[in-house]
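The values are calculated or read from the model by the stated rules, or taken from the named source; none is laboratory data. The structure presented is a predicted model; accordingly, all values stated were derived computationally and were not measured. Glycine also receives a Cβ, built like all others from the backbone with ideal geometry; neighbour counts cover every protein chain displayed.
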Amino acid sequence: MKKVLILGKGAQEYSLAKHLASCCEVYVCPGNPVIGEFATIVSIDNYNVKEIVDFVEKNEISVTIPVDKFSVTKDLISKFEEKNLQIFAPLMDVPDLFNDKVAIKKLLYKLHIPVPRFASFDKASVAYDYLKNARFPLIIKSNLGEYATICVNERIAKTAIDDLILRNETVLIEEYLYGSTFSAYFISDGYKALPVGNALNYNFALDGDGGVLTNGVGSCSPFYKLTDAHIDFLTSSIANPLIDYFEQSGKPFMGIFGIECILTDDDRLMVTNLKYFLSDSDAPGILSLLDIDLLKVIDDCMQGLFADIYDYIPQKDEYAISAVLSSKTEGESIEGLRNLDENTVVTLYRLNKNKYLEYETINGKNLIITTTAGTISRAKELLYSEIDEISFKSITYRKDIGAILSGNRGLV
């Protein structure tokens, strides 16, 4: 049986480890207690290149998959190449690009990929001048963090700018577009990219797209408004030009990546961000719908067989709907998980168990519930039926995930 080492400790890593656990021996570094229920936890910091390489050699790991983007550094890649060890990762310092929203925007613009109008600033006074001729609403984001605010007037925008400048962060001001936000995911051997799925993203905390913007509180996969023409455009005009650019730059991108987009009301596709690997709230649904041995595809990428073997990546003709369950209180017992259907996918964040072997809440996101069915309405019905089985005092989640959209949506 093959041995796989996953680098990271969050919900993405949990999803991938659980997906692969049925077909191989999975190790996760550094992992977390809940991942340890079906995989072997390796007590090494996932940024400690020397110890990771030593572990891979000693334990004869077949392939290492860095899921945490901060793990993928030039040093890690060079050490694996030096030792002739298999790693499913791009030949680049991933954080340099995928953690820099301004660098991503500039790259997309350079490649003539459609993006919303944007500008970046390191000084508040220059950003204020930009606001004088800006059309509201607009979005103000942190270049490096998750901070994002929809600003409907100049007063709110200046407050958002001041907040970021005080934190010594670069201000990214972006055009606000009406439409639907979604992510399309691709797998690449460094020379060719193929779709592995897509998902409608729910980034606002409250029903009806209200409340604060988050990095995801739910998803519906696939996004039912996407046509074959949309997917062809995403593949041929966005994903593969990016792969070609990286390859021509001497840094081929082998791995899984996401393209975050807006499908506007007038049917335009606008790219807002790039994602390394799968986002937490999308991962369970995307992986659930794959109708192929993902580990074999990864192995074929590393062996140079991908382009010759695959014209497409098979996906099930079903829908997967996911909801993130959150809490504002720590230490509450999470009850009802044993009552869930065996086909329901449960993805856990970094939870601990109490003396009664019950999971206890943390402040923030706690778990993701994912259900699949032949129709959106049935998947949605199953999702909320399963969530009704789960209880803890401060439980919060969106109640409208999977509802067919009508009208405009505000987007990140």
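Of all the residues in region 12-25, those that are outside any loop (DSSP other than H, G, I, E, B) and more than 25 Å from Val324 (Cα to Cα) number 1. Restricting attention to region 145-193 and to residues that are surrounded by fewer than 16 Cβ atoms within 10 Å (Cβ to Cβ) and touching a helix residue (DSSP H, G or I) at 6+ places or on another chain (Cβ under 7 Å), the residue that is nearest to Val297 (Cα to Cα) turns out to be Asp162.
Against the definition (at pLDDT below 95 and within 17 Å of the chain's Cα centre (by Cα)), how does Phe182 come out, yes or no? For Phe182, the condition - at pLDDT below 95 and within 17 Å of the chain's Cα centre (by Cα) - is not met.
Among residues of region 15-33 that are on the phi > 0 side of the Ramachandran plot, those with a beta-carbon under 6 Å from a residue that is aliphatic (A, V, I, L, M) and buried (at least 16 other Cβ atoms within 10 Å of the Cβ) at least six positions away or on a different chain give the pairs Gly31/Ile41.
Does Tyr319 satisfy the criteria of being touching a helix residue (DSSP H, G or I) at 6+ places or on another chain (Cβ under 8 Å) and either at pLDDT below 95 or farther than 27 Å from Phe223 by Cβ (or both)? For Tyr319, the condition - touching a helix residue (DSSP H, G or I) at 6+ places or on another chain (Cβ under 8 Å) and either at pLDDT below 95 or farther than 27 Å from Phe223 by Cβ (or both) - is not met. Residues in region 1-11 that are touching a residue at least 60 places away in the same chain (Cβ under 8 Å), within 20 Å of Gln86 (Cα to Cα) and part of a loop (DSSP other than H, G, I, E, B): Lys2 alone.
Restricting attention to region 87-99, the residues that are surrounded by fewer than 16 Cβ atoms within 10 Å (Cβ to Cβ) and either assigned by TED's automatic domain parsing to the domain that holds Ile259 or modelled with pLDDT of 95 or more (or both) add up to 0.
A count restricted to region 26-83 and to residues that are of a type outside the set (A, V, I, L, M, F, W, C), in contact with a strand residue (DSSP E or B) (Cβ under 7 Å, 6 or more places away or on another chain) and assigned to a loop (DSSP other than H, G, I, E, B) stands at 9.
Kindly indicate which of Asn84, Asn133 is closer than 30 Å to Cys24 by Cβ and free of Cβ contacts under 8 Å to residues at least 40 places away in the same chain. Can you show your working first?
Details: Asn133 fails: closer than 30 Å to Cys24 by Cβ.
None of the other options fit; the residue is Asn84.
Considering Val72, Val67, the condition of being in contact (Cβ under 8 Å) with a residue 40 or more places away in the chain, crowded, with 21+ Cβ neighbours inside 10 Å and more than 23 Å from Gln248 (Cβ to Cβ) is satisfied by Val67 alone. Scanning region 21-59 for residues that are touching a Lys or Arg at 6+ places or on another chain (Cβ under 9 Å) and closer than 23 Å to Lys365 by Cβ yields a total of 12.
Quick grid of which residues meet (1) among the polar types (S, T, N, Q); (2) farther than 30 Å from Glu60 by Cβ:
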| site | (1), (2) |
| --- | --- |
| Thr73 | yes, no |
| Leu76 | no, no |
| Lys83 | no, no |
| Leu107 | no, yes |
| Ala127 | no, yes |
| Phe136 | no, yes |
| Lys141 | no, yes |
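Of the helices (runs of 4 or more DSSP H) that lie entirely inside region 234-306, those containing 1 or more residues that are buried (at least 20 other Cβ atoms within 10 Å of the Cβ), of a type outside the set (Val, Ile, Thr) and in contact with a Leu (Cβ under 8 Å, 6 or more places away or on another chain) span 240-248, 283-288. Of everything in region 317-331 that is over 20 Å from the mean Cα position of the chain (by Cα) and in contact (Cβ under 8 Å) with a residue 40 or more places away in the chain, the residue that is surrounded by the fewest Cβ atoms within 10 Å (Cβ to Cβ) is Asp317. Suppose the filter is of a type in the set (Phe, Trp, Tyr) and assigned by TED's automatic domain parsing to the domain that holds Thr272; does Phe136 pass it? No, not satisfied.
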